[in-house]
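Just below is one structure, and these are the notes that go with it.
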Amino acid sequence: MDPEILTEKVATQNKKFLVDLKRNENGYYLKVSEWSNSKKSSIFIPAEGVGKMIEVLRKFQDLIQDGEITEEIPPSRN
């Protein structure tokens, strides 16, 4: 088990998220864990994917805040 370098908690609705910055022999990565109804699941994002993940989340946040989602938006083909 890799030690946490930095940890942040996010709570929303009935879910809790824990975002850990960790490091192993391959480099830095994020571990994002979700607790919902006593169940836990996690995803791991290598350091080189963090920027792209942030870009996608910001894009989705902008769409939600601007109210631009009126129908299903086709996925981008990056």
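The values are calculated or read from the model by the stated rules, or taken from the named source; none is laboratory data. Note that this is a predicted model, so its numbers are computed, not measured. Cβ sites come from the backbone with ideal geometry, for glycine too, and all protein chains shown count toward neighbours. Just so you know, the surface numbers come from the protein's heavy atoms only, side chains and all, with ligands and any DNA or RNA stripped out. Shrake-Rupley method; radii C 1.70, N 1.55, O 1.52, S 1.80 Å.
Selection over the stretch 35-72 of residues that are within 24 Å of Glu4 (Cα to Cα) and open to solvent by less than 60 Å² (accessible area, probe 1.4 Å) gives a count of 7.
If you go through the stretch 33-60 and keep only what is under 18 Å from Thr12 (Cα atoms), charged (D, E, K, R) and out of contact with any Lys or Arg (no Cβ under 9 Å at 6 or more places or on another chain), you end up with Lys39, Lys40, Arg58.
May I ask you to list the residues in the stretch 22-34 that are in a strand (DSSP E or B) and either exposed (fewer than 12 other Cβ atoms within 10 Å of the Cβ) or acidic (Asp, Glu) (or both)? Those that are in a strand (DSSP E or B) and either exposed (fewer than 12 other Cβ atoms within 10 Å of the Cβ) or acidic (Asp, Glu) (or both): Asn24, Gly27, Glu34.
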